[in-house]
Amino acid sequence: MKRLFVFVCVVAFATLLLAGCGKSGSKGKVGLSFSDFATERWSRENDQMTKLLEEKGYTVISQEANHDVKLQNDQIENMVSQGVKALIVIPEDGAACATAVTAAAKKGVKVLAYDRLIKSPDIAAYLSFDNVEVGRQQAKGVLKVVSKGNFVLLGGSPTDNNAILFRQGQEEVLKPLIKKGDIKVVADQWVENWDAANALKLMENILTAKKNKIDAVVASNDGTALGALQAMKAQKLAGKVPISGQDATADGCNSILKNELTVTIFKDTRNLAPKAVELVDKLLAGEAIEGLQQFDLAGLTGDKKMTGKVNCAFLPVVQITKENVQSEIVKSGFQKKEDVYRDIPADQIPKD
Ligand code: BGC
């Protein structure tokens, strides 16, 4: 009996020790700094990166700043004082964040700008998607339905460099039609914090000012598009006026199936998170990094005064409409079938 007890204790201790190895992180600490968890993707990517980093033997410290620029910088400083060797940062404000990040880099911390650019030449790398192409595909998706008339542009958060890149792509596609006189931009707004409630208010005001005479909306992500759609619904314009989104969120895809959102842009974040983890692991091991390309900060930001270069990689994006939601989003397992087809009549739900 006594022997059995000792045996059980030894096994339990060994199990604890093994389980602890991944978590306690023999390879050191890595910090994850998120602008917010309001957009669906961020908490998923937090889970994914945490898991992958722990599997590689790192201890993960993760924080989100609830859109507070100062809080995010404080959190980054705090993680540095806790001894993180690397930081993966999704900045709320690409310029303001550079202060904390540059200080961290000077202390030898490897900083990875994740999805959104940090405006500092001291970052080790910037990993994202082809953001200009996102903008092009948003505009093209709307133009498939309406290519003339009064257009509303709803940009993202003005402190997020991605919002500038999305707009660049949108303008590239729309400009020739604006020049020709086919399209008139009747409202051009930026949605602070990418907040759906802000988008709803902005759209209410636009509809009042323009007496509902709008023909298309180029919105920059699903969250803000769904906010704008609420205002459009109240005026019976949802489903009549095409509108774009981004992220292929569960709600966004569901809205596409309900004929309200016209198009979303799928960025397979399941590929970005592992890439970031692998990069951090290699950087910390002092190994050579392949597949990165140098870009000028001036070009990436559209600010000619910015100097320095950054190592970057950009993953491809896919335009999603009603035609390919099932094949690209559901079948690939990016979103759950029951979420995407919520409240959709049974005879419209594919069997596979
Ligand atoms: C990301 C989008 C996201 C938005 C709001 C952007 O920087 O690229 O995927 O929808 O932020 O969080």
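The values are calculated or read from the model by the stated rules, or taken from the named source; none is laboratory data. Predicted model only: the values in this text are computed from it and were never measured. As a convention, Cβ positions derive from the backbone with ideal geometry for all residues, glycine included, and neighbour counts pool all protein chains shown. Accessible surface areas use protein heavy atoms only, side chains included; no ligands, DNA or RNA. Shrake-Rupley method; radii C 1.70, N 1.55, O 1.52, S 1.80 Å.
Worth pointing out:
- Within the chain, helix-based [θ] at 222 nm, where runs of 4 or more DSSP H residues each add -39,500 (n - 2.57), nearest 500: -14000 deg cm²/dmol
- Extending 7 Å from the Cα toward the beta-carbon at both Ile289 and Lys351 defines two label points whose distance is 4.9 nm.
- Relative contact order (%) - criterion: Cα under 8 Å, at least six apart; region: region 68-211: 19 percent
- Start at zero, step by 5 Å, and the Cα-Cα distances of region 212-352 spread as 2, 9, 15, 15, 14, 12, 11, 9, 7, 4, 2, 0 percent across the bins.
- Of all accessible heavy-atom area on the chain, the percent that carbon and sulfur account for (1.4 Å): 54 percent
- Computed label-point distance, nm, for sites Leu71 and Lys180 using a 7 Å Cα→Cβ extension: 4.7 nm
- Bins of 20 Å from zero: percent of alpha-carbon pairs in the chain: 29, 51, 17, 3, 0
- Legend: helices of the chain (whole DSSP H runs) are marked when their alpha-carbon atoms reach 27 angstrom or more along the helix axis and their mean Kyte-Doolittle hydropathy is at least 0.5; marked are 2-24.
- Cleavage-rule hits (trypsin sites (Lys or Arg not before Pro)) in region 48-140: DSSP loop, at most 14 neighbouring Cβ within 10 angstrom: Lys107
- Here the relative contact order of the chain, from alpha carbon pairs under 8 Å that lie six or more residues apart, stands at 15 percent.
- Counting only Cβ charges, +1 for Lys and Arg and -1 for Asp and Glu, the dipole size of region 194-352 around its Cα centre is about 660 debye.
- Whole-number accessible area per residue in Å² for the chain, which is evaluated in the context of all protein chains at 1.4 Å: 47 Å²
- Region 197-248: relative contact order as a whole-number percent, Cα under 8 Å and 6+ apart: 45 percent
- All-pairs alpha carbon distance profile, region 238-297, 10 Å steps from 0, percent: 19, 28, 21, 20, 10, 1
- Label-point separation, Asp130 to Lys213 (7 Å along Cα→Cβ), nm: 3.8 nm
- Cα radius of gyration and Dmax for region 51-136 (Å): 13.1, 42
- Computed FRET value (nearest 0.05) for Asn324 with Asn205, which takes r as the C-beta separation and R₀ as 30 Å: 0.30
- Pairs over the 22 Å Cα-Cα cut-off, from the set Lys179/Lys213; Lys140/Lys240; Lys213/Lys322; Lys282/Lys336; Lys275/Lys305: Lys213/Lys322; Lys282/Lys336; Lys275/Lys305.
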